[in-house]
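Contents: one structure, followed by commentary.
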Amino acid sequence: MPTALALSPHLDDAAFSCGGTLAQLASAGWRVVMVTLLTASVPEPAGFALACQLDKGLGPEVDYMALRRDEDRAAAAALGLGPPVHVALWEAPHRGYASAPELFAETRADDRLADDLAPVLARLMDEGAPDLLLAPQGVGGHVDHVQLVRALTALAPACPILWWRDFPYTVRAPDPKEPFRETFAALAPVTVRLSPEEAAAKHAACAAYASQIGFQFGGPIGLAERLDAEGAREHFRLAGTMPDGLALA
């Protein structure tokens, strides 16, 4: 049974950007695992980190990341996948980024995330022996996504990589920030066509991230409208050989 690993910076990125493709691979007989790299709980969050949960209606007593890990498990189940893997590294608000604009600016000189990710990714490659990776292109320029792209490209895995377009950053601006635009422009574009069942599974998986839906989409109606506008398509750039089991548009 071939194995696919989806390497997600945050607890929702893989489902939002390529959940239908993950469901399609699983239906085709692949072992599919969502791996989220920045999932560590932080006791007594303060400042911008605390604000990131308060603005979602979650008080300081709530373990925000524990709640989000539970949402991720529900999302994986909705896609027909096994339990996801959660790596306990810190999100940007716990690494010195102190405002929303800073999340989409240049990475801090003291941000060592790419270095911290290097041994984690190497271990995942060694233990999981994946036949396919799925990972973000960094569209939108979020520093956590950017650092993952840097770490994964430096590792240069031998298996094919489907680099996904980071939704919903892809639709927030007519010309979203793309720090690696030239790098990915050199790779072959791939569009995966989702069946109605796969599109429905993706919708259910996205909706499982209930703490994020209001912030990201304005609520369940907004989520449905955004997903419908995607036309049951997910978009990638491919490094390596096209894997079997995917319906291409």
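Miscellaneous remarks
- Tabulated pairs, the range 180-192, first under 22 Å from Gly19 (Cα atoms), second open to solvent by 50 Å² or more (accessible area, probe 1.4 Å) and assigned to a loop (DSSP other than H, G, I, E, B), C-beta under 8 angstrom, 6+ apart or interchain: Val190/Met242; Thr191/Ala249; Val192/Ala249
- Under the condition of being of a type in the set (A, V, I, L, M), part of a loop (DSSP other than H, G, I, E, B) and surrounded by fewer than 16 Cβ atoms within 10 Å (Cβ to Cβ), the residues counted in the range 28-55 number 4.
- Restricting the range 74-88 to residues that are more than 14 Å from Leu5 (Cα to Cα) and in a helix (DSSP H, G or I) leaves a set whose member that is most open to solvent (accessible area, probe 1.4 Å) is Ala77.
- If you go through the range 156-193 and keep only what is modelled with pLDDT under 95, over 19 Å from Asp13 (Cβ atoms) and among the charged types (D, E, K, R), you end up with just Asp175.
- Those helices (runs of 4 or more DSSP H) lying entirely in the range 145-249 with at least 2 residues buried (at least 19 other Cβ atoms within 10 Å of the Cβ): 196-207, 210-217, 220-229
- Cβ-Cβ distances below 7 Å connect the following pairs, each with a first residue in the range 123-144 that is assigned to a strand (DSSP E or B), a second residue that is of a type in the set (Asp, Glu), and a separation of six or more residues or different chains: Pro136/Asp13; Pro136/Asp166.
- Residues of the range 102-121 that turn out to be part of a helix (DSSP H, G or I) and among the acidic types (Asp, Glu), as a count: 3
Let's see how each residue does on (1) touching a Pro at 6+ places or on another chain (Cβ under 8 Å); (2) within 18 Å of Thr3 (Cβ to Cβ):
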site: Cys18; (1), (2): no, yes
site: Leu25; (1), (2): yes, yes
site: Arg31; (1), (2): yes, yes
site: Ser41; (1), (2): no, no
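- Only listed residue being part of a loop (DSSP other than H, G, I, E, B) and surrounded by 24 or more Cβ atoms within 10 Å (Cβ to Cβ), chosen from Leu7, Leu58, Leu11, Leu25: Leu11
- Pair list, Cβ under 6 Å, 6 or more apart: the range 231-248 residue touching a residue at least 60 places away in the same chain (Cβ under 8 Å), other residue among the charged types (D, E, K, R) and open to solvent by 30 Å² or more (accessible area, probe 1.4 Å): His235/Arg165; Ala247/Arg193
- Each residue in the range 61-73 was checked for being without any contact (Cβ under 8 Å) to a residue 60 or more places away in the chain and either outside any helix (DSSP H, G or I) or over 22 Å from Ala4 (Cβ atoms) (or both), and 6 pass.
- Every test in (1) modelled with pLDDT of 95 or more; (2) open to solvent by 20 Å² or more (accessible area, probe 1.4 Å) is passed by Leu117 save one, and that test is (2).
The values are calculated or read from the model by the stated rules, or taken from the named source; none is laboratory data. As the structure is a computational prediction, the values presented were derived from the model and not from experiment. For neighbour counting, all protein chains shown are included, and Cβ atoms are generated from backbone atoms with ideal geometry for every residue, glycine included. The protein model used for the area step is the full one, side chains on, heavy atoms only, and it has no ligands, DNA or RNA in it. Shrake-Rupley method; radii C 1.70, N 1.55, O 1.52, S 1.80 Å.
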